[in-house]
Amino acid sequence: MSIPKIEVAGLRKQFGELVVLRDITLKVDPGAVVALIGPSGSGKSTLLRCLNLLVVPNGGRIRIGGDAFDFETGKALPRPKAQAKFRSNTGMVFQHFNLFPHMTVLGNVMEGPVSAKNMPKAQAEAIGRRLLAKVGLADKAEAYPDRLSGGQKQRVAIARALAMEPEVMLFDEATSALDPELVSEVLGVMRDLAAEGMTMIIVTHEIAFAREVADRVIFMRDGVIVEEGPARDVIDRPQQEATRAFLSHFH
Ligand code: ADP
Ligand code: MG
């Protein structure tokens with residue numbers, strides 16, 4: 001039994017009166033891939049954003065690697081330095097690529113290590129070129145983002161997140177904004193990362209991909225984990241009516 005890489009316990013979040021995460025408890029083992037599925041508005045993005053402190057929970061506990069925070073109403077947030085360290089445990093890839101338009105592809109990938117880690121430029125460039133090769137874009141290093149397809153931009157976004165050497169990668173509908181013919185090149189990079197042992201949480205509507213690549217699937221609805229288990233069990237033999245109803249949209 002290994003120690004989980006991610007542990008979330010009793011996590012709660014509300015925006016005003018709207019309760020978005022009710023009592024989320026989950027564990028992710030090192031190297032495991034978890035697919036988080038569920039209807040729009042069920043709290044998937046909010047959960048990922050809590051893991052990255054983009055959203056501050058109202059209660060509960062999150063541990064990622066060696067860093068843990070307890071969240072309680074009225075309690076002060078962790079100090080900025082501790083927040084930054086906590087945040088650096090996770091690399092996040094969003095639906096929209098958010099690349100810096102005035103920087104080359106290589107510049108985008110180097111930016112984090114240089115500005116946040118004070119890494120010497122030559123070293124950041126070496127890392128950046130290696131990561132661009134890894135995502136199949138070595139020849140685009142000097143290009144500007146507006147010259148890239150959506151799939152290429154998203155692969156740059158993945159390389160940029162990896163450049164910070166996160167312990168965990170979080171993907172929030174990374175392929176949802178892509179033209180259909182560009183989806184597979186991004187899923188391919190995600191599949192490679194999974195095979196290399198990266199710990200990942202993937203919010204996705206690509207159910208076939210989740211079934212193939214994820215170790216576990218978590219089905220969320222209305223801020224609650226309704227069902228979770230081995231990917232093929234949940235997807236092929238859902239136990240809960242809500243999970244069945246959701247999955248029936250994908251057949
Ligand atoms: P999902 O990613 O599963 O579609 P979200 O986590 O984006 O769900 O949203 C869950 C609910 O929280 C939705 O009702 C959404 O409108 C609401 N919500 C998300 N972010 C905010 C915010 N910053 N302020 C107010 N409501 C929000
Ligand atoms: Mg979302």
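Each reported figure results from applying straightforward, stated rules to the coordinates on display, with no laboratory input. From a predicted model like this one, the values you see are computed outputs, not experimental measurements. So basically every Cβ, Gly included, is an ideal-geometry build from the backbone, and we count neighbours across all protein chains shown.
Annotations for the structure displayed:
- Zone of R237's modelled label, taken as backbone nitrogen in region 208-223 under 20 Å from a point 7 Å along Cα→Cβ: 208, 210-219
- Were the residues from A116 through S176 laid out at 0.36 nm apart, the gain over their Cα-Cα distance would be 18.7 nm.
- Working ranking of peptides 156-163, 33-40, 205-212 by packing, defined as the average number of other Cβ atoms within 10 Å per residue, highest first, is 156-163, 33-40, 205-212.
- Centroid-to-centroid separation of region 194-251 and region 90-106 [C-alpha atoms, Å]: 27 Å
- Too-long pairs where the Cα-Cα distance tops 28 Å, listed order kept, from K27/K75; K44/K75; K81/K134; K5/K134; K44/K153; K27/K121: K81/K134; K27/K121
- Relative contact order, whole percent, for region 102-251 stands at 17, derived from Cα pairs under 8 Å and 6 or more residues apart.
- The modelled label-to-label distance between R130 and D23, using points 7 Å beyond Cα along the C-beta direction, is 4.6 nm.
- Region 1-15 and region 107-158: distance between their alpha carbon centers, rounded to Å: 31 Å
- Residue-averaged [θ]222 nm for the chain, counting only DSSP H segments that reach four residues, each worth -39500 (n - 2.57): -11000 deg cm²/dmol
- Rounded to 5, the percent of DSSP beta bridges in the chain classed as antiparallel: 60 percent
- Degrees separating the helix 121-134 axis from the principal Cα axis of the chain, which is the longest one: 60 degrees
- Whether the chain is rounded, prolate or oblate, judged on the alpha carbon gyration tensor where a/c under 1.5 counts as rounded: oblate
- Highest-first packing order for the peptide set 92-105, 114-127, 189-202 is 189-202, 92-105, 114-127, based on the mean count of other beta carbon atoms within 10 Å.
- Using a cutoff of 8 angstrom between alpha carbon atoms and counting only pairs six or more residues apart, the relative contact order for region 15-82 works out to 18 percent.
- Counted over region 127-251, the DSSP beta bridges are approximately 55% antiparallel.
- Prolate/oblate/rounded label for region 1-42 (Cα gyration tensor, a/c 1.5): oblate
- 3J(HN,Hα) from dihedral phi, region 200-210, Karplus parametrisation 6.51/-1.76/1.60, rounded to Hz, x for glycine, proline: 9, 10, 10, 8, 8, 9, 7, 5, 5, 5, 4
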